[in-house]
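Note sheet for the following structure.
The values are calculated or read from the model by the stated rules, or taken from the named source; none is laboratory data. Small disclaimer: the values here were computed from a predicted structure and weren't measured. The protein model used for the area step is the full one, side chains on, heavy atoms only, and it has no ligands, DNA or RNA in it. Shrake-Rupley method; radii C 1.70, N 1.55, O 1.52, S 1.80 Å.
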Amino acid sequence: MDMAALASEFLQGLGIAVIAALLYERAARLALTSLQRSLLVSALFSVGSIGPALFTAHASSGLSFDIGNVFVVLAMTYGGWITLAITSAVAILGRIWLGGAGVASGIVAVLICSLVSLAFAQMVKGRRVSMVALAGVGLLTSVSLISVFLMPWETAMRTLGEVAPVAIVANVIAAIVIGRILELQRSHFGPRRLKEAPMGTTDTATGLLNRRVFDKLGPELAAVMNWAGQPYSMALIDIDEFDQVLEEHGHAAGEQALRHVASVVQSAVRQTDMVASFGGQAIALVLPAYDAERAFGLAERIQTAISDTPFNLDGIEVPLTVSVGLHTPLPRKESFWIALGQADTALNRAKSTGRNRLEVAI
């Protein structure tokens, strides 16, 4: 088969793959549980993993060198364990169903891509996935071509000579195109949900999202992170000795102090982070794609910014500090409310041991 025909096949397969990737956004919009969403995304990735093989001329012999394995490689990063397991299983069953002399090679290729998927997810954990990283994982997908050496040497070399050049380029292009679609949709989902909060959802004292919105959107944001196989962290922030501020300067000054602290916190976080009033003088944060180390660094910066930023009250500089309780839930093993309780326990421990303290849940 000539290069032009192979390139045409890969382009047709890319079209199917792109459609499956675009449907990923539809899954993100639906009001589903984490498990339901994982199963739906698994179905989409499974279609992407086997659909392109239907347009491959070598499919009848089992030698389906297509871009479907790109979905296997991206499954762990954008769907988690359930998606990786289901997508890999469907891809293997698809190779068996296609039959032919290359079945064993096709199965081994899927298994190689599953290992690459695990390694890639660990490498980009808690970070945005760049185009360079996607190009790299596209190249790693092509490592699965070594599976052809399960066939006789002459057949393997002839097959590689026919398809390897186009397959390598196609895998890189497919990984970049599909990965960028998935990454943009995943990163936009959290901010979109926060921006779509209806009118009347802000706390009058601080201007932050109120507790009702936090209770509704917080679990949804956490579920999206669990679904996407990404970490998230939670922080509770409380102004130290706030009662003393009220006693010395009055309730109006207390509200100004709250707004001052809220403003400093908001300026330190990203647009994708949830910042909400948690009752009294407490502020709650939900930090998507933050692992424990990144969350700890952010909490320290917030504490420093508040202590170093003067709060002026009618020309009088009132020193303010905050205590912080921090928790990074175990992926898929802690509910949002249990994680929140852990952060609250850490905050209470911080406040009981002095001012301007940061405690991490044990």
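Largest first and in whole Å, the equivalent-ellipsoid semi-axes of the range 230-362 read 27, 15, 12, each the square root of five times a Cα gyration tensor eigenvalue. Over the range 226-285, the reciprocal of the mean inverse Cα-Cα separation, the Kirkwood hydrodynamic radius, stands at 12.9 Å.
Computed from backbone phi with θ = phi - 60° and the Karplus coefficients 6.51, -1.76 and 1.60, the 3J(HN,Hα) list for the range 206-213 is 10, x, 7, 4, 8, 5, 5, 5 Hz; x is used for glycine and proline. Heavy-atom accessible surface of H260, to the nearest 10 Å², is about 30 Å², with a 1.4 Å probe and all protein chains retained. Near the amide H of Q230, within less than 5 Å, lie no amide hydrogens of residues on another chain or at least 5 residues away, with H placed in the peptide plane. Can you give me the relative contact order of the range 221-345 as a percent, contacts being Cα pairs under 8 Å and 6 or more apart? In percent, rounded to a whole number, it is 38.
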